[in-house]
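One structure is given below, encoded as structure tokens.
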Amino acid sequence: MTKLAAFGQFSTAFRNDFTELMRWRRDVRKFQPIAVNPQALERCLKAFTLAPSVSLTQPWRLVAVKSEAARTAVIGNFKTFNTSALSGQDGEAAQSFAAQKLKGLEDAPVQYAVLSDPSASQDHPLDLSPIPQVLEYSVATAIMQFWLALRAEGIGMGWVSRMDQAQLKTDLDLPPSWALVGYLCVGYPDHDASEPELQTQGYETRDATLDILDR
């Protein structure tokens with residue numbers, strides 16, 4: 001397709017492929033020990049520039065975490081936070097899943113901290129939503145577009161949220177006002193799966209139904 005399609009003019013094949021793309025998007029924890037194709041990664045990062053945001057504020061701020069010192073700090077942050085979070089949980093499943101998250105942090109060749117900048121709205125005269133988290137929601141939407149773009153390139157992503165964000169901002173020398181939305185682990189997955197790992201390993205079960213209330 002060489003030009004932007006008008007509404008309703010995407011083919012049935014394209015719509016089917018898009019459904020398959022969403023079905024095969026996975027939260028990846030196990031990565032192959034190989035570098036990510038830089039051209040493919042650059043194409044995927046453009047998804048952020050195409051993402052919607054409230055009042056077109058584009059509040060996302062990406063931090064590429066590359067240095068050994070920064071990654072060591074991130075892993076230490078996760079271990080400390082996770083130990084506290086699991087202090088009252090003795091279940092093998094909870095401990096095993098936490099270990100998988102840690103493995104992703106240790107092995108993912110590309111990692112980004114993605115944050116929301118509250119000052120992004122200052123130069124936009126349009127009224128923002130009264131919902132206080134609206135900028136973070138915009139960032140989460142952009143991350144989802146990035147996630148799908150990665151999957152289309154055969155690249156996997158894991159979204160890590162178990163971290164002390166204040167400590168992370170200190171360790172990465174980031175503005176205290178920025179809000180962490182997600183820490184992303186990116187790389188080629190060591191296997192493909194059409195079902196969530198939480199489900200295949202017996203942690204949770206996906207509900208395929210959708211309840212819509214009528215009022």
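The values are calculated or read from the model by the stated rules, or taken from the named source; none is laboratory data. What you are looking at is a predicted structure, and each value in this text was computed from that prediction instead of being measured. FYI the Cβ positions are ideal-geometry reconstructions off the backbone, even for glycines, and counts take in every protein chain you see. For the accessible areas, the whole protein counts, side chains as well, though only heavy atoms, and no ligand, DNA or RNA atoms are used. Shrake-Rupley method; radii C 1.70, N 1.55, O 1.52, S 1.80 Å.
Per-structure values
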quantity: Answer residue from segment 28-82, given it is hydrophobic (A, V, I, L, M, F, W, C), in contact with a strand residue (DSSP E or B) (Cβ under 8 Å, 6 or more places away or on another chain) and closer than 23 Å to GLN167 by Cα and is most open to solvent (accessible area, probe 1.4 Å) among those; calculated: LEU62
quantity: Candidate set from segment 15-60 (those that are polar (S, T, N, Q) and part of a helix (DSSP H, G or I)); member that is farthest from ALA113 (Cα to Cα); calculated: ASN16
quantity: All positions within segment 152-168 that are assigned to a helix (DSSP H, G or I) and either open to solvent by less than 10 Å² (accessible area, probe 1.4 Å) or in contact (Cβ under 8 Å) with a residue 12 or more places away in the chain (or both); calculated: ALA152, GLN165, GLN167, LEU168
quantity: Unique match (being within 20 Å of the chain's Cα centre (by Cα), closer than 24 Å to PRO118 by Cβ and modelled with pLDDT under 95) among SER129, SER161, SER194; calculated: SER161
quantity: Qualifying residue in segment 143-151 (condition: outside any helix (DSSP H, G or I) and at pLDDT 95 or above); calculated: no
quantity: In segment 17-54, the residues that are within 14 Å of PRO189 (Cβ to Cβ) and acidic (Asp, Glu); calculated: ASP27
quantity: Filtered residues of segment 11-27 (kept if open to solvent by less than 70 Å² (accessible area, probe 1.4 Å) and farther than 27 Å from LYS103 by Cβ); calculated: SER11, ALA13, THR19
